[in-house]
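The structure is given below, and queries will be raised subsequently.
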Amino acid sequence: MTERPALPACCTPLDAAWPFRHAVPGARLVSTRFDPARLDPEDFTRWGVPPMAGVNKRQAEYLAGRLCAWEALRVITGAGVIPAIGDDRAPCWPQGTVGSITHGAGWAAAITARHMQWRGLGLDVEKTLPVARADRLAGEILTARELQGYAEQDETSRALRVTLTFSIKESLFKALYPLVNKRFYFHDAELIHHDDTGWARLRLLTTLTPDWRAGSELDGQFVQFDDYLLSLVHIPAE
């Protein structure tokens, strides 16, 4: 499929605006908002997306994310493709490309680039956590070092700290997993820097492969909009 069918009624027009302050050369990010109440099951057929089981919300977010990926790939490669689902449930990107899909709370996006420029991309969107939930989850998501000074912060700062750390570690996993083929968890990495420009840096605390050892550091970035936090981890090609 090279010609784009009409967008489903459940999705807003696809948006190619770059949301982050820092550029990622060669990458294309496409987003949309979606309304599960307006989902038409025939949209899966029109777009060549394999149907999936689940409630309308799950189907709509899956469809919206795949449409964003189709458009991002169309711009990067000239051919719109719906990424297949691998045995591990992760998207299978066309040969020579890398990418990531995220969706949640009525918003979806995909980012892709050519493999010659980026070895890995990880994208994650989260709604900002209420402070009570952030406090409950802090110990599961933050390492002992990341927890230092947490209790002394105000409620807004605590909610942001946990939301950001959760999201960017999710992005880290999405970027690294295709390279290491090994699962790792929140306490296997830590956020060692973030600033007001939206720049962030993470450090692995466990060795995943000989190429990705404990102490390896990776760059990321984040942005807040409406009540969302969007994060991205990008691994340059060697």
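The values are calculated or read from the model by the stated rules, or taken from the named source; none is laboratory data. The structure presented is a predicted model; accordingly, all values stated were derived computationally and were not measured. Backbone-built Cβ (ideal geometry, glycine too); neighbour counts: all protein chains shown. Each accessible area value is taken on the protein alone, full model and side chains, heavy atoms only, with ligands, DNA and RNA left out. Shrake-Rupley method; radii C 1.70, N 1.55, O 1.52, S 1.80 Å.
Do the sum for the chain: with -39,500 (n - 2.57) for every DSSP H run of n ≥ 4, divided by all residues, what is the mean residue ellipticity at 222 nm, to the nearest 500 deg cm²/dmol?
-9500 deg cm²/dmol
Now a separate question. Taking every pair of Cα atoms in segment 140-189, average 1/r, invert it to obtain the Kirkwood radius, and report Rg/Rh to two decimals.
Numbers: Rg = 12.5 Å, Rh = 11.8 Å.
Result: Rg/Rh = 1.06.
Over the chain, what percent of the accessible surface lies on carbon and sulfur atoms, probe 1.4 Å?
Taking all protein chains in place, the chain shows 50 percent carbon and sulfur surface.
Connecting C-alpha atoms closer than 10 Å in a GNM of the chain, tell me which of P91, P25, P178 has the biggest fluctuation.
In the Gaussian network model the winner is P25.
If you don't mind, there's one more thing I want to ask. With each label point set 7 Å from Cα along the Cα-Cβ vector, what nm distance links H193 and L179?
1.8 nm
Loop only by DSSP, 13 or fewer other Cβ within 10 Å of the Cβ. Give me the trypsin sites (Lys or Arg not before Pro) in segment 140-208 that pass, ordered by residue number. Kindly include the intermediate steps, with their values, before the conclusion.
Details: sites: R145, R158, R161, K169, K174, K182, R183, R201, R203; in loops: K182, R183.
Passing sites in segment 140-208 are K182, R183.
Which FRET efficiency value, to the nearest 0.05, is calculated for D227 and A53 with the Förster distance at 35 angstrom and r the Cβ-Cβ distance? Mind showing how you got there, number by number?
Working: r = 29 Å, r/R0 = 0.83.
For R0 = 35 Å, the calculated efficiency reads 0.75.
What angle, in degrees between 0 and 90 and rounded to the nearest 10, separates the Cα long axis of helix 131-141 from the longest principal axis of the Cα atoms of the chain?
Around 80 degrees separate the two axes.
Rounding to the nearest 10 and keeping the result within 0 to 90°, find how far the Cα-based axis of helix 155-180 lies from the longest principal axis of the chain.
Rounded to the nearest ten degrees, it is 60.
On to the next question. Give me the number: length gained by fully extending E217 to E140, i.e. 0.36 nm times residue separation minus the C-alpha to C-alpha distance, one decimal in nm.
Gain on stretching E217 to E140: 25.6 nm.
Most fluctuating residue of V55, V24, V131 in a GNM of the chain with Cα springs under 10 Å: which is it?
Maximum fluctuation in the GNM of the chain, among the listed residues, is at V55.
A follow-up question, please. Treating the angle as unsigned and between 0 and 90°, give the value, to the nearest 10°, between the Cα long axis of helix 56-77 and the longest Cα principal axis of the chain.
Once rounded, one gets 80 degrees.
Rounded to the nearest 20 Debye, what is the dipole magnitude of the chain about its Cα centre when Lys and Arg each give +1 and Asp and Glu each give -1 at the C-beta?
Working: 26 positive and 29 negative charges, 97 e Å.
Taking the Cα centre of the chain as origin, the dipole is about 460 debye.
Connecting C-alpha atoms closer than 10 Å in a GNM of the chain, tell me which of I101, I168, I192 has the biggest fluctuation.
I192
Just subtract the alpha-carbon distance of A6 and C92 from 0.36 nm times their residue separation and send over the number in nm, one decimal. Walk me through the numbers on the way to the answer.
Working: separation 86, 0.36 × 86 = 30.96 nm, distance 2.41 nm.
Separation in residues times 0.36 nm, less the Cα-Cα distance, equals 28.6 nm.
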